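Contents: one structure, followed by commentary.
Each value in this text was obtained by applying a stated rule to the coordinates, not by laboratory testing. If you're wondering where the values come from, they're calculated on a predicted model, not measured in any experiment. Methodologically, a virtual Cβ is constructed for each residue, glycine included, from the backbone with ideal geometry; neighbour enumeration extends over all protein chains shown.
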Amino acid sequence: MIDFTYTHAVFVVGLIVGITLNALMLRTLFFPPFRIWPTPGPGTWQSVTFWTLFRAGMVLTFVIAILDWNSAGLIDLSRLIIGLPLFLVGFGITVFGYFNLGLGNTYCGADGLVSHGLYRFSRNPQYASSILGLIGTVIMADSWLTIPLAFSASCVYVLMALTEEQWLEDRYGATYEEYKQRTARFFDLPGFMQYLLDKTQPSRRTS
């Protein structure tokens, strides 16, 4: 008989939240004109539903990581050497991305297409970095229950990127099409490495 604890109850709620949001995102992607994301605007049922489920899913993932900490017993505390930097870098980039993108665009505004800064190397840097942060969370937690919740949250980020594309094309037209052609959906590693290489090379002075 399974000993159903408070931790399991939180996990079940988190799993239901994640499955529900992913189902709504899949319907948005494959069965338009239904759309849960991007939302029509603040205060709409889509906005309230999406942000409630999204935030609840993320919070419950972190709560489970704490409640079920080290329950798997697969890796010792040396896992923090890998997990903690991934967590800090991943979610640090996510936070920085809010300033790069702007609050209005973050919440489905149309304040202008952003293609500089982080968005030079990725059309969705916040989503990619958040997935990185979730991987770090899973490694640090060493918890079987954290894995499906983190996976569910990562799927939401991927689906957010996919469902946004038509929305962005409708708003920015050829400008977005050109940006899409030259920028990776998630991360342009070769382009980023070349950028770093160019930055570290001493500038050539012409005589």
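Here the calculated FRET efficiency for W51 and I19, from their Cβ-Cβ distance with R0 = 22 Å, stands at 0.80, rounded to the nearest 0.05. With a simple spin-label model that places each label point 7 Å from the Cα along the Cα-to-Cβ direction, the separation between K180 and T5 comes to 4.7 nm.
For the pair R27 and V95, a Förster radius of 35 Å applied to the C-beta separation gives a FRET efficiency near 0.70, rounded to the nearest 0.05. Each Lys or Arg adds one and each Asp or Glu takes one away; over the other residues whose Cβ falls under 15 Å from the Cβ of A141, this sums to -2.
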